[in-house]
Structures are given as structure tokens and as C-alpha cells.
Amino acid sequence: MRGAVIHAPGDVRLEDRPDPAVQSPTDAIVRLSATCVCGSDLWPYRGVETVSGPTPMGHEYVGIVEEVGGEVTGIRPGQFVVGSFFASDNTCEICRAGFQTSCVHRQAVGVDGAQAEYLRVPLADGTLVATPEVPSDDLLPSLLAASDVLGTGWFGAVAADVGPGKTVAVVGDGAVGLLGVLAARELGAERIIAMSRHESRQELATAFGATDIVTERGDDGVARIKDLTDGLGAHSVIEAVGTQESMTQAIRSTRPGGSTGYVGVAHDVTLPGEELFFSHVRLLGGPAPVRRFLPDLIDRIWTGAIDPGRVFDLALPLDQVAEGYRAMDERRAIKTLLRP
């Protein structure tokens, strides 16, 4: 099969790789219908994360089950499935509490690289969720979004305790931040403040439910949020970047007694203990337990209640994966969809 491999910062290639095979009786092999480039893929692409050698890329996927191991009972060949970037058994005590990305048996699906034609998914019964039937082509982008960025934005909103009557601020205007806006709307937020400096992203944020746009960053961004909330700050803040500036901005934009949900992959982020102590701000975040939300998100997509696939503003064949990375790195695209 063909799959994307990163060799060094800025160097992503489509190469011939071995076809995946069932290695464990709990595995499934999925023929991918669509995959994509994630914002977190840009960390190694930009050299922020070390690239130690040729590494398969990608962790977002939807497709048709081709084969299952002998112990798989809930998923069968021919089904269209959506899965998470971490495999989980969905039965352990941590999974039952709703944190499948910390499953005691978790495995990283991205190790095998989902920017490819086929993918081996471990712990298939606990990881994959089948759609009611094979979807029409127009639903593929939204179902693919559910595999990561929609589920991650949704977790950011849930972790930030978004709910009816609340004011929500979203730090970050990438795909996760934009879908955090959508999640906040679906969860009943009264006011949603999107922090963005980019016109096209501001437009999409507004379409997803943002009521206000703030272009300032850092301390100026915090001051603007305070101005919009009678000096108090937002009830709920979603942090969707993962830098020191974005995390500090998120916490300082949250009112005492409010909550910050952080889902940006953190890089060199430190928290000042004394400031946090006196802030009275709740913190919850980490790798999104996408599997917790998949049944609900798939149903909302299937019934037309939400259209998260709009975050894909560039669609390319898999053999142009390198251009997909360049476009996102240069901010010419919010998110690139790839068709194997």
C-alpha cells in the first residue's frame, strides 16, 4: 500500500509500505475512505518535535472494515467505521469513567500511520464505531472530523463545563478551536467568543455559532475578554493551541469559579503555582477521549444536525500529501482532507 512517511522536518513523502495484517485477535484492518493532516502533525513537520527517523504519519481515519481478528465480535467486514487516535478496550474502569485515551490497555493507532490506504486498528471492538450504513460521499468530511478534531473540540467544551446560559471563550482558531465553537453552541452556551486574527476562520467560527470575535492575543486578549464580561472573565474557556501563551491566556480569561478545558497538545507549558492557586479556576484536559463521544457525534452528523466537515477547506489525493502539509504549515488551509 501507499502511506505518508516523515523523514525530517518539512520532508513528508508518500511511499510504498507493507500492507497491514492482523497481528492480534482483537485487530481490524480498515480500507480507508478518507484521512487527513492534523494540526498536531505540524509539530514534527516544523521541527518542534524530534524526527528520529522515517516515521509513518496520521491518526485520523474512516473507512470500510476489510478483515477482523478471531476475537472481534462487535465489528464485521463491510461496515463503515469511525475510530479514535487511541485504541481502547472501552471496558476497563478508566474507560467506563469516560477517559478512553487513558485506557489501561491503550495503544496509539498513529504508530502505523493513518495517512495511507489501509490501517490496522487494535482493540477494534472498543475503538471503532460503525455507522448505520455506508454513508454517502458528502458525509465523509464530517465523519472524518469526528475521528479527532470534532471529538477533541467537544471534549474541550465538556472539560470547560460549557452549558446553557454560560459565556465561553475559545483560544485557538484551528480546526479544534473552530469545532470547540460548534460544540459550545450545541451544548447550549449563551455567548461564544472566538479568538482569531484570520478573516476566513472568523467567518467559519461565526457560522459555527460564535457571537463575538476577539483579535487580540496575550494580555491584550485577556483584557478584551474581561471587557466583554463585565470585568469577570468567561465562565468556560477552551484552550486549543498548546503553547505557553495560549494556556496563560486561557486561564487568565476564565472567571473565578470557572473552568478551562485544555486540548491543545502542550509544548513547554509551565503553570505558575501561586497565580493558579489564587485564580479559583478549574482545569481539565489532555488527549480527548473521542470514543466517549463518537456515538452521539455520529448521530448528530447522520441526522444533519451538525456539519463539522466544513473545517476541511482543502481536499487532495493522497499522493499530494506533501502539499497538504505545506498548505497547513503556511496557513493557506485550516485542515487538509486526503483521499486514498
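For segment 306-326, a residue qualifies if it is open to solvent by 10 Å² or more (accessible area, probe 1.4 Å) and either more than 24 Å from Trp154 (Cβ to Cβ) or at pLDDT below 95 (or both), and the qualifying residues are Leu316, Pro317, Asp319, Gln320, Ala322, Glu323, Arg326.
State yes or no: is Cys95 at pLDDT 95 or above, crowded, with 18+ Cβ neighbours inside 10 Å and closer than 18 Å to Asp125 by Cβ? I'd like the intermediate steps shown before the answer.
Numbers: at pLDDT 95 or above: yes; crowded, with 18+ Cβ neighbours inside 10 Å: yes; closer than 18 Å to Asp125 by Cβ: yes.
Taking the combined requirement at face value, the residue satisfies it.
In the set Val265, Val237, only one residue is under 17 Å from Trp154 (Cα atoms) and at pLDDT below 95; that residue is Val265.
Looking only at residues that are assigned to a helix (DSSP H, G or I) and within 14 Å of the chain's Cα centre (by Cα) in segment 123-147, which one is farthest from Leu338 (Cα to Cα)? Before the answer, list the steps.
Here is the first cut: in segment 123-147, the residues assigned to a helix (DSSP H, G or I) are 124-127, 137-146.
Next cut, within 14 Å of the chain's Cα centre (by Cα) only: 141-146.
Values: Pro141: 10, Ser142: 13, Leu143: 13, Leu144: 10, Ala145: 12, Ala146: 15 Å.
Selected residue: Ala146.
Yes or no: Asp329 surrounded by fewer than 19 Cβ atoms within 10 Å (Cβ to Cβ), modelled with pLDDT of 95 or more, of a type in the set (D, E, K, R) and in contact with a helix residue (DSSP H, G or I) (Cβ under 9 Å, 6 or more places away or on another chain)? Spelling it out, Asp329 is indeed surrounded by fewer than 19 Cβ atoms within 10 Å (Cβ to Cβ), modelled with pLDDT of 95 or more, of a type in the set (D, E, K, R) and in contact with a helix residue (DSSP H, G or I) (Cβ under 9 Å, 6 or more places away or on another chain). Scanning segment 175-186 finds no residues that are assigned to a loop (DSSP other than H, G, I, E, B) and at pLDDT 95 or above.
Any chance you could count how many residues in segment 197-224 are under 18 Å from the mean Cα position of the chain (by Cα) and of a type in the set (Gly, Ala, Ser)? Counting residues in segment 197-224 that are under 18 Å from the mean Cα position of the chain (by Cα) and of a type in the set (Gly, Ala, Ser) gives 1. Residues in segment 263-285 include none that are in a helix (DSSP H, G or I), aliphatic (A, V, I, L, M) and either touching an Asp or Glu at 6+ places or on another chain (Cβ under 6 Å) or crowded, with 21+ Cβ neighbours inside 10 Å (or both). Taken over segment 15-61, the criterion of being at pLDDT 95 or above and of a type in the set (Gly, Ala, Ser) is satisfied by Ala21, Ser24, Ala28, Ser33, Ala34, Gly58.
Taking the residues in segment 76-92 that are of a type outside the set (Gly, Ala, Ser) and closer than 27 Å to Val176 by Cβ as candidates, determine which candidate is surrounded by the fewest Cβ atoms within 10 Å (Cβ to Cβ). Going through the qualifying residues, I end up with Cys92. Of everything listed in (1) surrounded by fewer than 22 Cβ atoms within 10 Å (Cβ to Cβ); (2) closer than 13 Å to Arg120 by Cα, the single unmet condition for Val30 is (1).
Quick check on segment 3-17. Is at least one of its residues touching a His at 6+ places or on another chain (Cβ under 9 Å) and of a type in the set (D, E, K, R)? Even if it seems obvious, please write down each step before you answer.
Of the residues in segment 3-17, the ones touching a His at 6+ places or on another chain (Cβ under 9 Å) are 13.
Of the ones still in play, those that are also of a type in the set (D, E, K, R) are 13.
Checked segment 3-17: at least one residue is touching a His at 6+ places or on another chain (Cβ under 9 Å) and of a type in the set (D, E, K, R).
Scanning segment 47-75 for residues that are surrounded by 15 or more Cβ atoms within 10 Å (Cβ to Cβ) and more than 24 Å from Arg339 (Cβ to Cβ) gives Glu49, Val51, Val68, Gly69, Val72. Just one residue in the set Val168, Val109, Val121, Val149 is at pLDDT below 95, open to solvent by less than 30 Å² (accessible area, probe 1.4 Å) and of a type in the set (A, V, I, L, M); that residue is Val109. Which one is farthest from Arg252 (Cα to Cα), of the residues in segment 148-171 that are in a loop (DSSP other than H, G, I, E, B) and in contact with a helix residue (DSSP H, G or I) (Cβ under 7 Å, 6 or more places away or on another chain)? Step by step, filter segment 148-171, then rank; the result is Asp148. What's the number of the condition Arg120 fails, among (1) more than 28 Å from Ala322 (Cβ to Cβ); (2) of a type outside the set (Ser, Thr, Tyr); (3) over 19 Å from the mean Cα position of the chain (by Cα); (4) not in a helix (DSSP H, G or I)? All conditions pass for Arg120, except number (1). Of the residues making up segment 190-233, those that are in a helix (DSSP H, G or I) and open to solvent by 70 Å² or more (accessible area, probe 1.4 Å) number 8.
The values are calculated or read from the model by the stated rules, or taken from the named source; none is laboratory data. For clarity, every value in this text was computed on a predicted model and none was experimentally measured. FYI the Cβ positions are ideal-geometry reconstructions off the backbone, even for glycines, and counts take in every protein chain you see. Accessible surface is based on the protein model in full, side chains and every heavy atom, while ligands, DNA and RNA are left aside. Shrake-Rupley method; radii C 1.70, N 1.55, O 1.52, S 1.80 Å.
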